[in-house]
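*Asks:* For reference, the structure I am asking about is given below.
Here, each number is a calculation from the coordinates, and none is a lab measurement. Being a predicted model, the structure only gives us computed values, none of them experimental.
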Amino acid sequence: MASFISTAERLHDIEVTVAGQYMDFKKLCGFFKGPGTAGQIVVLNCPQETKGRYVKIQIVDGIDNHLALCEVRVIGK
């Protein structure tokens, strides 16, 4: 028997920002208040005019929280 503890509740207050070549992450792409649920898929769509080179995903409200993501897809043109 294995013991399993769900960590989905750690998925909260997630901010996704986009930056250009100078990594100045000022363009807010999306926000997820949460908390997450087990197996949940969160999709955040940036405004259509968003341009950048780097994407940052971070928890913006909380101390000592770990962010564990199974799969991240960044799709652009």
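*Asks:* Select from I41, I57, I14 the residue whose mean-square fluctuation is largest in a Gaussian network model of the chain (Cα-Cα springs shorter than 10 Å).
*Replies:* I41
*Asks:* Another question about this same structure. What full-extension length gain, to one decimal in nm, is calculated for A68 and K26 as 0.36 nm per residue of separation minus the Cα-Cα distance?
*Replies:* Using 0.36 nm per residue and subtracting the Cα-Cα distance, I get 12.8 nm.
*Asks:* Given C-alpha coordinates of the chain, what is the ratio Rg to Rh with the Kirkwood estimate of Rh? Numbers along the way, then the final one.
*Replies:* Numbers: Rg = 14.2 Å, Rh = 13.8 Å.
Rg/Rh for the chain comes to 1.03.
*Asks:* For K26, go through the lysines and keep the ones whose alpha-carbon is under 18 Å away, minus same-chain ones fewer than eight residues off.
*Replies:* Reachable lysines: K51, K56.
*Asks:* Right, next: Say we join alpha carbon atoms closer than 10 Å with springs in a Gaussian network model of the chain; which of D24, D64, D13 then has the biggest fluctuation?
*Replies:* Per the Cα network of the chain with a 10 Å cutoff, D64 tops the list.
*Asks:* For the range 64-77, what does the Karplus curve 6.51 cos²θ - 1.76 cosθ + 1.60, with θ = phi - 60°, yield as ³J(HN,Hα) per residue in whole Hz, taken in order and with x for Gly and Pro?
*Replies:* 6, 9, 10, 9, 10, 10, 7, 8, 10, 10, 10, 10, x, 10
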